[in-house]
Amino acid sequence: MSAKIRVVLADDHLLVMEGFRDLLSKAPNIEIVGEAADGEQAVFLSINRKPDILLMDINMPVLDGINATERITKSNKAIKIVMLSMHHEERYIIMADQAGAAGYLLKNIDKEELLHAIEMIQAGNKYYSKAIPEELVQRVLTKKYQVEGNQKADLTSREIEILKEIAKGLTNKEIGDKLFISDRTVNAHRTNIMAKLQAKNAVELVVKAMEMKII
């Protein structure tokens, strides 16, 4: 009998976590070895539980899924990370690929496709939800994508406001306190801004924003 696929779940939404746990716990070839509510916990579990596959929410507090994925894949390429998201916009899928993710699944995926995706990825393949356009998947698989030259118009006034505070070196909590919003809301905006500007970290984000004369 072959060894079970060791899986870590990372999502800060309790209902989503419970849903995936319920689906996977019933699969005879899968063992859930850890659960994380933020990106830092996901990185910690990747080191201490050594999963085969880590299902990672793209937008989480403390450390978002993109940055957590990048940190994990740089230190341990054996762990296959699958991004989970409600969004199937091109920029998110490209960022996930650039961070080293082995796949991208939409959270409304059904049980059969989820189990198939895990088996495919465990076997060394990449997998993208069926709902994602095939043309986009092929461009990602062949790396035939590029950063758009000018995305300034894509940023909302709130995102630009938060971007300016990020450039000052403020934390999510400090920005939230200043703008009277939660740090989780700030983190969601930060993830969107990084996706739009194709930046992997805060330093690159600020540099690109300055080059594009957004700040």
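Read the figures in this text as sums done on the coordinates, not as results from a lab. In this text the structure is predicted, and so the values were computed from the model without any measurement. Glycine gets a Cβ as well: all are built from the backbone with ideal geometry, and neighbour counts include every protein chain shown.
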So if the hydrodynamic radius of the chain is defined as the Kirkwood radius over C-alpha pairs, what does Stokes-Einstein give as its diffusion coefficient at 10 °C and 1.306 mPa s, in µm² per second? 89 µm²/s
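Exactly which trypsin sites (Lys or Arg not before Pro) in segment 82-182 are in a DSSP loop and have at most 13 other Cβ atoms within 10 Å? If you can, show how the numbers build up before the last one.
Details: sites: Arg91, Lys107, Lys111, Lys126, Lys130, Arg139, Lys143, Lys144, Lys152, Arg158, Lys164, Lys168, Lys173, Lys178; in loops: Lys107, Lys126, Lys130, Lys143, Lys144, Lys168.
Sparse-neighbourhood loop trypsin sites (Lys or Arg not before Pro): Lys143, Lys144, Lys168.
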Here, Lys173 and Ala123, labelled 7 Å along Cα→Cβ, have an inter-label distance in nm of 4.7 nm
Between segment 11-54 and segment 168-215, how far is it from one alpha carbon centroid to the other, in angstrom? 27 Å
Could you sort out which of Lys80/Lys107; Lys80/Lys213; Lys80/Lys143; Lys130/Lys208 sit more than 25 Å apart by Cα distance in this structure? Lys80/Lys213; Lys130/Lys208
Suppose we flag chymotrypsin sites (Phe, Trp or Tyr not before Pro) only when DSSP calls them loop and at most 16 other Cβ atoms lie within 10 Å. Which is the longest uninterrupted stretch of the chain? 1-144
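Please order Met120, Met56 by the number of other Cβ within 10 Å, starting at the fewest.
Met120, Met56
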Once the in-chain neighbours fewer than 8 apart are removed, the aspartates and glutamates whose Cα is under 14 Å from Lys196 read Glu89, Glu90, Glu148, Asp154, Glu159, Glu204
